[in-house]
Amino acid sequence: MIAHDGAPRPLQPLAIIVMGVSGSGKSTLARRVAESLRAPFFEGDDYHPPANREKMRAGIPLEDTDRWPWLDSLGTADVYFACLTADAALLDARMAQRPGHFMPPSLLASQLATLEAPDESEGALMLDAALSLEELLARTLRSLEGRIGPLISAP
């Protein structure tokens, strides 16, 4: 990164977590943020143990005891949260377009009921998942710049 005065400064470890329920566009937005920052992308679902994925495939909602080890495995770096929110109708429509995904649409209601979304007082960026991907990306990058300073943009 480059500071406002033009001098290089060391990068601080930062995990950018794009969160929300299934179908909200987390992976799509996170990939674009990673590309823009020339940073690695890690799919959070890949860190679920096989037992969690099997529960979800079977239509069984995860409980907090299932989630804590998964969350712990995602790391302890400084964390920035971008939270995608959407109404159930939009999420249902998106999930219907993902045949074969391990997360069945039948679990959407339990996800919406269970999600403890952060808010701006906790430093999270709240985003309406109905916005275009380009607008979501622009808002996320502007928010990150507000927190950590100028970003290196993609070529």
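The values are calculated or read from the model by the stated rules, or taken from the named source; none is laboratory data. What you see is a predicted model; the values in this text were computed from it and never measured. Here the Cβ is made from the backbone with ideal geometry for all residues, glycine too, and neighbour counts use every protein chain on show.
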Exercise. Somewhere in the range 108-119, is a residue touching a Lys or Arg at 6+ places or on another chain (Cβ under 7 Å) and either hydrophobic (A, V, I, L, M, F, W, C) or surrounded by 12 or more Cβ atoms within 10 Å (Cβ to Cβ) (or both)?
Worked result: no
Seminar exercise, completed: Note: among L62, L37, L29, L133, just one is touching a Lys or Arg at 6+ places or on another chain (Cβ under 8 Å) and closer than 24 Å to I148 by Cα, namely L133
Problem set entry | Residues within the range 63-94 that are among the small types (G, A, S) and in a helix (DSSP H, G or I), tallied | 4
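Mind listing just one residue for me: the one in the range 38-56 that is part of a helix (DSSP H, G or I) and within 15 Å of the chain's Cα centre (by Cα) and, of those, nearest to F102 (Cα to Cα)?
Among those residues, the one meeting the criterion is D45.
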Problem set entry | Subset of the range 104-115 [within 22 Å of M126 (Cβ to Cβ) and either in a loop (DSSP other than H, G, I, E, B) or of a type outside the set (A, V, I, L, M, F, W, C) (or both)] | S110, Q111, T114, L115
Exercise. Going by the conditions given, is G59 small (G, A, S), surrounded by fewer than 17 Cβ atoms within 10 Å (Cβ to Cβ), assigned to a loop (DSSP other than H, G, I, E, B) and modelled with pLDDT under 80?
Worked result: no
Exercise. Is one or more of the residues making up the range 131-142 outside any helix (DSSP H, G or I), surrounded by 14 or more Cβ atoms within 10 Å (Cβ to Cβ) and free of Cβ contacts under 8 Å to residues at least 24 places away in the same chain?
Worked result: yes
